[in-house]
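Heads up: the structure comes next, in structure tokens.
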Amino acid sequence: MKCSDVKKLLSVYHDNRLSSSQTQKMENHLAVCRLCRQEERTLFKIWNMLEALGPIRPSPDFKTRFWQKAQEGSFSQTWWTSVVYSWNQFAVGARPVFALTSVLVISILGTLIALKVLPETFARGDKSPISQWAQSAVKGGLKL
Ligand SMILES: [Zn+2]
């Protein structure tokens with residue numbers, strides 16, 4: 001059994017839900033691997049502490065009060081949480097419009113660059129690497 005397998009199975013091992021052969025492999029590994037043994041001991045301490053706390057029991061009217069507050073919308077809403085909430089609502093609604101606008105702007109810019117900038121650089125005999133690549137791409141087909 002590898003260290004990664006041991007780490008994945010430690011909680012199952014703790015609950016005594018491993019098969020007897022897996023338990024044997026786990027214990028063989030823990031006997032020889034100091035790091036996994038250390039992790040196992042730390043986890044067991046944490047689990048024991050959590051078990052010692054016992055279950056958390058909400059007050060009998062917790063559910064009623066919770067839904068009452070939810071309906072009133074009185075979960076400590078400050079001015080900035082309502083601003084953030086409003087912005088999120090707006091951003092979700094505006095997302096398709098923003099995406100479409102971005103596609104249009106990029107298309108227009110791309111067309112402008114292709115129509116205006118590249119022919120001018122061709123005419124001037126620009127020797128920049130990008131211009132030379134563009135010229136060769138136009139003449140001899142695209143080679144990337
Ligand atoms: Zn190990």
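The values are calculated or read from the model by the stated rules, or taken from the named source; none is laboratory data. The shown structure was predicted, so the numbers you read here are calculated from the model rather than taken from an experiment. Virtual Cβ from ideal backbone geometry, glycine too; neighbours counted across all protein chains shown.
Out of everything in the stretch 38-68 that is of a type in the set (Lys, Arg) and within 25 Å of His14 (Cα to Cα), what residue ends up being surrounded by the fewest Cβ atoms within 10 Å (Cβ to Cβ)? Talk me through it step by step, then tell me what you get.
Going through the stretch 38-68, the residues of a type in the set (Lys, Arg) turn out to be 41, 45, 57, 63, 65.
Next cut, within 25 Å of His14 (Cα to Cα) only: 41, 45, 57.
Details: Arg41: 11, Lys45: 10, Arg57: 7.
Top of the filtered list is Arg57.
Select from the stretch 76-97 the residues that are among the hydrophobic types (A, V, I, L, M, F, W, C) and surrounded by fewer than 10 Cβ atoms within 10 Å (Cβ to Cβ) and write down the one among them that is farthest from Phe66 (Cα to Cα). Working first, answer last.
In the first step, residues of the stretch 76-97 are kept if they are among the hydrophobic types (A, V, I, L, M, F, W, C); the result is 79-80, 83-84, 87, 90-92, 94, 97.
From what is left, the residues that are surrounded by fewer than 10 Cβ atoms within 10 Å (Cβ to Cβ) are 79-80, 92, 97.
Numbers: Trp79: 22, Trp80: 22, Val92: 27, Val97: 37 Å.
Checked the stretch 76-97; the qualifying residue farthest from Phe66 (Cα to Cα) is Val97.
Among the residues of the stretch 34-49, is any outside the structural domain of Lys7 (by TED's automatic domain parsing) and either in contact with a Cys (Cβ under 6 Å, 6 or more places away or on another chain) or aliphatic (A, V, I, L, M) (or both)? So far as the stretch 34-49 goes, no, none of its residues is outside the structural domain of Lys7 (by TED's automatic domain parsing) and either in contact with a Cys (Cβ under 6 Å, 6 or more places away or on another chain) or aliphatic (A, V, I, L, M) (or both). Within the stretch 9-37, being surrounded by 11 or more Cβ atoms within 10 Å (Cβ to Cβ) and within 14 Å of the ligand (Cβ to nearest atom) holds for Leu9, Leu10, Tyr13, Lys25, Met26, Glu27, Asn28, His29, Leu30, Cys33, Cys36, Arg37.
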